[in-house]
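Notes follow once the structure below has been shown.
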Amino acid sequence: MKGFAMLRIGEVGWIEKEKPVAGPYDAIVRPLAVAPCTSDIHTVFEGAIGERHNMILGHEAVGEVVEVGSEVKDFKPGDRVVVPAITPDWRSIEVQEGYHQHSEGMLAGWKFSNVKDGVFGEYFHVNDADMNLALLPDEISLEKAAMIPDMMTTGFHGAELADIKIGSTVAVIGIGPVGLMGVAGAELCGAGRIIAVGSRPNCVEVAKSYGATDIVNYRNGDIVTQIIDLTNGKGVDSTIIAGGNPDVMESAVRMTKPGGTIANINYFGEGKILPIPRSDWGCGMAHKNIRGGLCPGGRLRMERLINIVKYNRVDPGKLVTHVYHGFENMEKALLLMKDKPKDLIKPVVILD
Ligand code: NAD
Ligand code: ZN
């Protein structure tokens, strides 16, 4: 079969591979829609996870089951499924601890295009199908569904980690697709005021439609000063970081109230140490919590997110600015995520 792969750091292309084989608990899935991610760009062009040779890329897919192992109970060939970016081994001590993302080791629940071939192939392998797949209802379009495996779960996780209380004030730093889902997640969690930090007009419009009450543009001055001014000198209850370099951590700590929470879902790709401003962190005593996490995966999470879309609580289709048809457009779609043209939020490739 063919797959669109990372050939080595800095280089992508098509390769031939053996079709994957399902173990007793696994499934083989044919992708129906896939989306490239900023994380794929970190992997290929920044060497974020180290060198990989001829590894099929991609971790955001919806697809059709073509084969299941002998022990799979709930799925059969022909089922249309949402496949989470994070597909843990559910039999592990870390799962018992409540951190399936780190099942079998830190970040090890992330398997696609990390420790095994990803979803940009004619077929891909899903471990523990009963625990990692979710049925896709007919009424959800493929474009919308393709935002569930990573964008929705990650952005919403930002809101979950941010410990949002009903009516509280939340800042979201970075409103690419992940941050926009952070805005939507904050709204769902009951935030009273949502301050989105971003400048691109299309993202600003989508942020407002997802519930942003205020927009802060870095072009109008230091974002911390603007947010402190907007909140009458108090700062926000929660800050979600969904973009930026390590300096954003300093801003987040400064703009968050004592007792507040800083929730990071961003990938920090540079520097040895993340800066925490000493005096703004109360010299270590401000009760400003700093949290960060990999997006939740697995079947239950996907089923819950599917409900959000099915019952029109959030329309993730607003993220999809570019739709392509056919594998031949895979490279174009991936490179969009690298070049980030102004009109882009998220591309999807439909494989009809
Ligand atoms: P993106 O590049 O499309 O969006 C990030 C946005 O942040 C951009 O619009 C950028 O202009 C903006 N930004 C950068 N610095 C900023 C600053 N100082 N202040 C305000 N805005 C700033 O990326 P994305 O696809 O939305 O992904 C966001 C991050 O989330 C990436 O680092 C990605 O790797 C990471 N990610 C994490 C997980 C997870 O599980 N935690 C999953 C998927 C993606
Ligand atoms: Zn992703």
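Treat the count of other C-beta atoms within 10 Å as a stand-in for reagent exposure and order 25, 218, 210 from fewest to most.
Going from least to most buried by this count: 218, 25, 210.
Would you please name the GluC sites (Glu not before Pro) within the range 59-166 that are DSSP coil residues with at most 10 other C-beta atoms within 10 Å of their C-beta?
Listed in order of number, the matching sites are 139.
Name the chymotrypsin sites (Phe, Trp or Tyr not before Pro) in the range 303-352 that are in a loop by DSSP and that have at most 15 other C-beta atoms within 10 Å, would you?
Answer in residue order: 311.
Starting at the first residue of the range 233-245, write each ³J(HN,Hα) from the Karplus equation 6.51 cos²θ - 1.76 cosθ + 1.60 with θ = phi - 60°, in whole Hz, x for Gly and Pro.
So the Karplus estimates, Gly and Pro as x, are x, 8, x, 9, 6, 9, 10, 9, 9, 10, x, x, 8 Hz.
Report, in debye and to the nearest 20, how large the dipole of the range 164-251 comes out about its Cα centre when Lys and Arg carry +1 and Asp and Glu carry -1 on their Cβ.
Around 180 debye, computed over the range 164-251.
If amide hydrogens are placed 1.01 Å from N in the peptide plane, which non-local residues have theirs closer than 5 Å to the one on residue 321?
345, 346
Which of the three applies to the range 1-77, rounded, prolate or oblate, going by the alpha-carbon gyration tensor with a ≥ b ≥ c and a/c under 1.5 meaning rounded?
It comes out prolate by the Cα gyration axes.
What is the range 183-289's relative contact order, in percent, from Cα pairs under 8 angstrom and six or more apart in sequence?
19 percent
How large is ³J(HN,Hα) for each residue in the range 341-352, as worked out from phi by the Karplus curve 6.51 cos²θ - 1.76 cosθ + 1.60 (θ = phi - 60°), to whole Hz, x for Gly and Pro?
Here the 3J(HN,Hα) series is x, 4, 8, 8, 10, 8, x, 10, 10, 8, 10, 7 Hz.
Would you work out the relative contact order for the chain, in percent, from Cα pairs under 8 angstrom that are 6 or more residues apart?
18 percent
Tell me which residues come under 5 Å, amide H to amide H, from residue 194 once H is placed; ignore anything under 5 positions away on its chain.
170, 213, 214
Can you tell me the orientation of helix 299-310 relative to the chain, as the angle in degrees between its alpha-carbon axis and the longest Cα principal axis, to the nearest 10?
70 degrees
Taking the alpha-carbon distance from residue 288 and a cut-off under 26 Å, which lysines remain once sequence neighbours fewer than 8 residues away in the same chain are dropped?
Straight-distance partners of residue 288: 165, 234, 257, 272.
Given Cβ point charges of +1 (Lys, Arg) and -1 (Asp, Glu) and nothing else, what value in debye, to the nearest 20, does the dipole of the range 25-178 about its Cα centre take?
My answer is approximately 180 debye.
Defining a contact as two alpha carbons under 8 Å apart and six or more residues distant in sequence, what relative contact order in percent does the range 162-231 show?
Relative contact order, the range 162-231: 29 percent.
Take the alpha carbon atoms of the range 55-105, find their center, do the same for the range 297-332, and report the distance between the two centers in whole angstrom.
With the range 55-105 and the range 297-332 each reduced to a Cα centre, they are spaced 17 Å.
Taking R0 as 41 Å, what's the FRET efficiency between residue 16 and residue 286 from their Cβ-Cβ distance, rounded to 0.05?
0.15
Put +1 on the Cβ of each Lys and Arg and -1 on the Cβ of each Asp and Glu in the range 136-285; which of 158, 226, 213 then has its Cα farthest toward the positive end of the dipole?
Looking along the dipole axis, the top candidate is 226.
Among 171-182, 246-257, what's the highest-first ranking by average C-beta atoms within 10 angstrom per residue?
171-182, 246-257
Which one, 341, 308, 286, is farthest towards the positive end of the dipole of the range 259-347 when Lys and Arg carry +1 and Asp and Glu -1 on their Cβ?
Selected residue: 286.
For the chain, find the longest principal axis of its Cα atoms and tell me its angle to the long axis of helix 330-339, 0 to 90°, nearest 10.
Tilt relative to the chain: about 20 degrees.
Can you sort 227, 308 so the residue with the fewest Cβ neighbours within 10 Å comes first?
Lowest count first: 308, 227.
Taking other Cβ within 10 Å of each residue's Cβ, how do 14, 281, 110 sort, fewest first?
In order of increasing Cβ crowding within 10 Å: 14, 281, 110.
Any read-out appearing in this document is the output of simple, stated calculations on the displayed coordinates, not a laboratory observation. Model, not experiment: these values are computed from the prediction. Cβ sites come from the backbone with ideal geometry, for glycine too, and all protein chains shown count toward neighbours.
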